[in-house]
Amino acid sequence: MTEQEAVPAGIDPSIPSVARMYDYYLGGKDNFASDREAAEQFIRIVPGIREMARDNRAFLSRAVELLARQGVRQFLDIGSGLPTRDNVHQVAQRVAPESRVVYVDNDPIVLVHGRALLEDNAFTSVVQADMREPEKLLTHPQVESAIDFTRPVAVLMVSMLHFIPDDVLVARIMSEIRQRLVPGGHLVITHAFEAEVSAEVREAGQKVYRSTSAGALTSRGPEQLAELLSGMDLLEPGVVPVEAWRPEYDEDVTVDFTKPGILGVVGRL
């Protein structure tokens, strides 16, 4: 994608977008020069970020497939990002074609690409809303027309909450979502974790993300994520690095909370 191509209204291609940076980490092409420059700066600070992004995406696929096989038929993906391989609707609908999926994002480019991809999929839709306003998001007409909150829903917040530094706001978002869930509902969360990095590395990484449309990058640890899901049953193995959450082929993955990475957890009401 170049700045000479048509840019949706409300988008300044000179400001890096976290969705488009993530697309770049995954090897995608739906990004601008500003996104690539910011992403490369972060890669120099955290050389393993590309692998972390791939592991994060693989976790999402495993979690969605597991929940679909357990009978969940509604998925609300908040902060879905740009379409890539094995999107939520593709994974869920391979298991159960009647699965309903709603993607939510506040980036107009995500909406344009998502709607083009899903034009012929009657069970999947894309909605523009912001997770910082959970009440509006959950009562959005398109969300409420597609999702039946009297039945189990899996709400996905994959690599989203770390863009909100305000713990009070994060707690309110989680509270609003959990109030809408019925027994059998799930929360799927991944979150950046700095672990034992130096203050210099931490500040350098945060500086990159302060220049983006999100404006922040915040680390939270296993205890904080578990607290957000307090009162829910955490599916085994609980809060772990995403690559260690039910790895494919039951491969042996060492859990090391001293290393920076992305943590993942699935809670069931």
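The values are calculated or read from the model by the stated rules, or taken from the named source; none is laboratory data. Just so it is clear, the structure is predicted and the values come from calculations on it, not from any experiment. We place every Cβ from the backbone using ideal geometry, glycine too, and count neighbours over all the protein chains shown.
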For the stretch 249-269, how many residues are crowded, with 20+ Cβ neighbours inside 10 Å and among the aliphatic types (A, V, I, L, M)? 4
Pairs, please: C-beta under 6 Å, at least 6 apart or cross-chain, first residue under 19 Å from SER99 (Cα atoms) and part of a loop (DSSP other than H, G, I, E, B) and in the stretch 137-149, second modelled with pLDDT under 95 and not hydrophobic (A, V, I, L, M, F, W, C)? none
Against the condition touching an Asp or Glu at 6+ places or on another chain (Cβ under 7 Å) and closer than 29 Å to THR139 by Cα, how does ARG69 come out, does it pass? no
Among helices (runs of 4 or more DSSP H) completely within the stretch 1-88, the ones holding 1 or more residues that are modelled with pLDDT under 95 are 18-25
For the stretch 23-45, which residues satisfy the criterion of being touching a helix residue (DSSP H, G or I) at 6+ places or on another chain (Cβ under 6 Å) and closer than 25 Å to VAL253 by Cα? TYR25, LEU26, ILE43, ILE45
Given the residues LEU60, LEU67, which is the only one that is within 24 Å of PRO183 (Cβ to Cβ), surrounded by 20 or more Cβ atoms within 10 Å (Cβ to Cβ) and either acidic (Asp, Glu) or more than 16 Å from the chain's Cα centre (by Cα) (or both)? LEU67
Counting just the residues of the stretch 81-137 that are in contact with a helix residue (DSSP H, G or I) (Cβ under 6 Å, 6 or more places away or on another chain) and hydroxyl-bearing (Ser, Thr, Tyr), which one comes out surrounded by the fewest Cβ atoms within 10 Å (Cβ to Cβ)? SER125
Is there a residue in the stretch 201-221 that is hydrophobic (A, V, I, L, M, F, W, C) and more than 20 Å from the chain's Cα centre (by Cα)? yes
Qualifying residues in the stretch 150-182 (those that are without any contact (Cβ under 8 Å) to a residue 60 or more places away in the chain and either part of a loop (DSSP other than H, G, I, E, B) or touching a Phe, Trp or Tyr at 6+ places or on another chain (Cβ under 7 Å) (or both)) - the one surrounded by the fewest Cβ atoms within 10 Å (Cβ to Cβ): THR150
